[in-house]
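A short write-up of the structure that comes next.
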Amino acid sequence: MVRRIAREIRNNLVAGLLVFVPIAFTAWLIIVMGNWVDRPVRSLFSTPLPDQTGTAAAIARVLHSVFGSGVAFLDQPGLGLLLLILVIFILGMFARTVLGKWAVKVGERIVRYVPVVRTIYGGVKQLLEAVMVGQQTGERNVVLVEF
């Protein structure tokens, strides 16, 4: 009786973890990426302090001098993430053109000659292709390959 209750508790905890961890990790990743992209973009539209230096402060001063204080309304959370999604969308549109396909091919040829970048780029590209192609073709077969 006690073992059955303990097994039920363990099974419920494992099932809960299997639901919670992917959701929590996804939320954490979105928050981290959002903040990583948001901070620099938002700093372009916020009012720079008089003692601030750097490229972002210089761009913010130019934007404020050209557009006045009206540019401050763009200092909103999520703007960086929205701009990142827009840039990725436009990059995808470009990559599907003849010129874009050529540029990607040339870029990949250049990456092949850079040792560390080649390894990282190749691994990430293989992973994304496996995930994307698997979703498109609906592959669900499990195979055993003798090694």
Near pairs, Cβ below 7 angstrom, 6+ apart or cross-chain, from the range 100-119 (closer than 19 Å to Phe89 by Cα) to any residue that is open to solvent by 80 Å² or more (accessible area, probe 1.4 Å): Gly100/Phe94
When residues of the range 89-107 are limited to those that are over 18 Å from Tyr121 (Cα atoms) and of a type in the set (Val, Ile, Thr), the one most open to solvent (accessible area, probe 1.4 Å): Val98
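Among the residues of the range 1-29, how many are under 30 Å from Gln76 (Cα atoms) and open to solvent by 100 Å² or more (accessible area, probe 1.4 Å)?
Restricting attention to the range 1-29, the residues satisfying the condition of being under 30 Å from Gln76 (Cα atoms) are 20-29.
Then drop every residue that is not open to solvent by 100 Å² or more (accessible area, probe 1.4 Å), which leaves 20, 23, 25, 28.
Within the range 1-29, residues that are under 30 Å from Gln76 (Cα atoms) and open to solvent by 100 Å² or more (accessible area, probe 1.4 Å) number 4.
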Scope the range 30-60; condition surrounded by 14 or more Cβ atoms within 10 Å (Cβ to Cβ), of a type in the set (D, E, K, R) and without any contact (Cβ under 8 Å) to a residue 40 or more places away in the chain; matching residues: Arg42
Top-ranked residue of the range 61-83 - restricted to ones that are within 25 Å of the chain's Cα centre (by Cα) and among the small types (Gly, Ala, Ser), ranked as least open to solvent (accessible area, probe 1.4 Å): Gly80
Cross-chain or 6+ apart pairs with Cβ under 7 Å, the range 76-91 first and more than 15 Å from Ile31 (Cα to Cα), then among the charged types (D, E, K, R) and not in a helix (DSSP H, G or I): none
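The values are calculated or read from the model by the stated rules, or taken from the named source; none is laboratory data. Since the model is a prediction, treat every value here as computed from it, not as a measurement. So basically every Cβ, Gly included, is an ideal-geometry build from the backbone, and we count neighbours across all protein chains shown. Heads up: the accessible areas ignore ligands, DNA and RNA and are worked out on the full protein's heavy atoms, side chains in. Shrake-Rupley method; radii C 1.70, N 1.55, O 1.52, S 1.80 Å.
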